[in-house]
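Undergrad: Can you keep this structure in mind? I'll have questions shortly.
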Amino acid sequence: MGLFVLEGYRIVEEALKSDVIFDSIYMTPEFYESKEGEWIHTEFEKRFDSGPIFLIRESILNSIADTRTPQGIIGVVQERKYELADVFAGKDFLLLLDRIQDPGNMGTIIRTAVAAGVDGIIILRGSVDIYNLKVLRSTMGAVFKIPLIQEVELEDFLRLYKKSEYKLISTDLSAEKYYYQLEYREPLILAIGNEANGLEEEILKNSDYRIKIPLLGDIESLNAAIATGIILYRIVEKRLQ
């Protein structure tokens, strides 16, 4: 059973609202007596599957926290487990992430994907852990609101993809089509590649479409999270028409 740590009131609050299973919560007595602490305690006690709440001194809480100011609360929660076939099944709009390395990029991409109505995220082996504390902070709780599966082997993804009705749309700086030239009406998987090296060649070879964002100034590429946001909201725009 995989466990990971949440630090700070806001992300613990979002986890409670998203029915994540908690192993335990650690609070300072001062936080426990606050309005926020009372809400956390009340919501936590409603759950039949939750572990205990521990009150510990602020100095101890700060010593075990990754952040400088954990705001008087740390939660330990169970990792949600998804099967690759379940992420594929009955979905219309998926995101494939290939070796995204930067925690800030990963968190921002997840947050943007949730906002844009993506149905699930498939993260290939070699990417940063989505339960890295920096990733979790960047998602602002969005990690609890969408099916995600990480450490996926490329071969496993391609095997399921080839049996599906999805169209695979890959970002590629050498593509001939621009991102605004597609209609995005069919069930689709948008593939975003590594910040430095882009997508694996095997993904590009199996793509139905390759697209790029025009770069009009003297710059080689866009930040991966920014590029993802631009394309995701073009897809949203086309689907809302």
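The values are calculated or read from the model by the stated rules, or taken from the named source; none is laboratory data. All values reported here derive from a predicted model rather than from experimental measurement. Note that we place each Cβ from the backbone using ideal geometry, even for glycine, and neighbour counts take in every protein chain shown.
Undergrad: Where residues in the stretch 204-229 are out of contact with any helix residue (DSSP H, G or I) (no Cβ under 7 Å at 6 or more places or on another chain) and in a helix (DSSP H, G or I), which of them is surrounded by the most Cβ atoms within 10 Å (Cβ to Cβ)?
TA: ALA227
Undergrad: May I ask you to list the residues in the stretch 156-179 that are touching a residue at least 24 places away in the same chain (Cβ under 8 Å) and in contact with an Asp or Glu (Cβ under 9 Å, 6 or more places away or on another chain)?
TA: Taking the stretch 156-179 first, the residues touching a residue at least 24 places away in the same chain (Cβ under 8 Å) are 156-158, 160-162, 164, 166-179.
Residues satisfying the conditions are LEU158, TYR166, LYS167, LEU168, ILE169, SER170, LEU173.
Undergrad: Please state which one of ARG99, ARG47 is outside the structural domain of ARG137 (by TED's automatic domain parsing) and among the basic types (Lys, Arg).
TA: Residue meeting the stated conditions: ARG47.
Undergrad: Hey, any hits in the stretch 73-88 for a residue that's touching a residue at least 40 places away in the same chain (Cβ under 8 Å), under 20 Å from THR228 (Cβ atoms) and not hydrophobic (A, V, I, L, M, F, W, C)?
TA: no
Undergrad: Could you grab me the full set of residues in the stretch 148-167 that are over 14 Å from ALA85 (Cβ atoms) and either among the polar types (S, T, N, Q) or exposed (fewer than 11 other Cβ atoms within 10 Å of the Cβ) (or both)?
TA: Those that are over 14 Å from ALA85 (Cβ atoms) and either among the polar types (S, T, N, Q) or exposed (fewer than 11 other Cβ atoms within 10 Å of the Cβ) (or both): GLN150, GLU155, GLU165.
Undergrad: Identify, by number, the condition in (1) within 16 Å of MET140 (Cα to Cα); (2) part of a helix (DSSP H, G or I) that LEU6 doesn't meet.
TA: The failed condition is (2).
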